[in-house]
Amino acid sequence: MIVETKRLVLKHFGIWDAEAMNRVFGDAEVMRFGDGVQTTEWVHGWLRRCLENYQQKSGIGPWAVVEKSSTETIGYCGLFHFPDVCGQPEMEIGYRLARAYWGRGIATEAVLAVRDYAFNALDIPRLISMIDPENAASIRVAEKAGMQYENDVMFEGYTHPDHVYAIARPVKRTATRMKPSWNVAAFIWVATLPALFSLGCGTSDAPSDTGTLSSNDTDIVIGGIYVERVFLMRT
């Protein structure tokens with residue numbers, strides 16, 4: 001398993017997923033913005049290439065999207081490396097789902113999971129999606145994943161350019177705890193003494209843990225209630 005969400009499991013493909021992926025690649029509507037309907041033989045070759053990619057690219061590639069409730073493979077979502085997109089290498093999030101699972105937020109759920117896995121587990125600094133400008137549904141998914149339109153790209157064999165949507169990994173912030181200066185802490189305490197005594201503070205007759213109070217030890221009473229011994233810090 002690569003990653004798990006509320007409704008989905010994303011994992012490596014196996015040859016046994018051929019029938020399920022035939023329902024994806026063999027559907028003209030699903031492949032409308034792709035390379036068209038593919039044959040069963042093509043699907044078997046695609047699955048073999050997936051397995052080769054897992055071996056050669058540390059598991060990166062298209063991953064099977066499995067619906068938890070039915071345990072059915074319903075499509076793919078994963079990472080695709082492109083050596084040259086507008087003059088630079090890029091990592092793309094790509095996906096396709098069987099048509100029966102459209103309109104249920106599943107594509108967004110899968111894309112968000114892959115995005116977070118890429119940023120947090122794989123430490124990939126930037127992700128893109130290349131989308132046909134007429135594919136309004138995929139554009140909405142990209143925007144829900146935080147991607148913004150950046151530019152157009154024209155590949156060989158295309159009749160029109162794709163839109164490039166991109167997102168950069170958020171900068172990791174580390175909290176820094178400042179160690180207070182003894183002098184500053186003492187000053188703050190001494191500065192608040194007049195305010196405390198104006199509320200009815202005084203020294204207590206409560207005994208010291210050691211039996212005596214040093215010249216730098218003070219017990220505080222606020223409103224007639226004994227609170228604690230306070231050790232004034234030397235500056």
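What follows draws every value from the coordinates through simple rules; no lab data is involved. All values derive from a computational prediction rather than experimental measurement. So basically every Cβ, Gly included, is an ideal-geometry build from the backbone, and we count neighbours across all protein chains shown.
The figures follow:
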{"read-out": "Positive minus negative residues near Arg32 (Lys, Arg vs Asp, Glu; Cβ under 10 Å)", "value": "-4"}
{"read-out": "Charge tally in the Cβ shell below 11 Å around Asn120, where Lys, Arg are +1 and Asp, Glu are -1, Asn120 excluded", "value": "+1"}
{"read-out": "Scattering curve values for segment 67-126, log₁₀ I(q)/I(0), Debye with Cα scatterers, q = 0.16, 0.30 Å⁻¹", "value": "-0.60, -1.24"}
{"read-out": "Contact order normalised by residue count of segment 3-168, Cα under 8 Å, 6+ apart, percent", "value": "18 percent"}
{"read-out": "Built amide H within the under 5 Å cut-off of Thr5, gap 5+", "value": "Leu10"}
{"read-out": "Over segment 106-176, equivalent-ellipsoid semi-axes from the Cα gyration tensor in Å", "value": "26, 14, 10"}
{"read-out": "All lysines inside 22 Å of Lys172 as judged from Cα atoms, apart from same-chain residues fewer than 8 positions distant", "value": "Lys144"}
{"read-out": "For Ala142, net neighbour charge (Lys/Arg +1, Asp/Glu -1) across residues whose Cβ lies under 13 Å away", "value": "-2"}
{"read-out": "GluC sites (Glu not before Pro) restricted to DSSP loop in segment 1-83 with at most 13 other C-beta within 10 Å", "value": "Glu29"}
{"read-out": "Order of Arg23, Arg96, Arg104 under a 10 Å beta carbon neighbour criterion, fewest first", "value": "Arg104, Arg23, Arg96"}
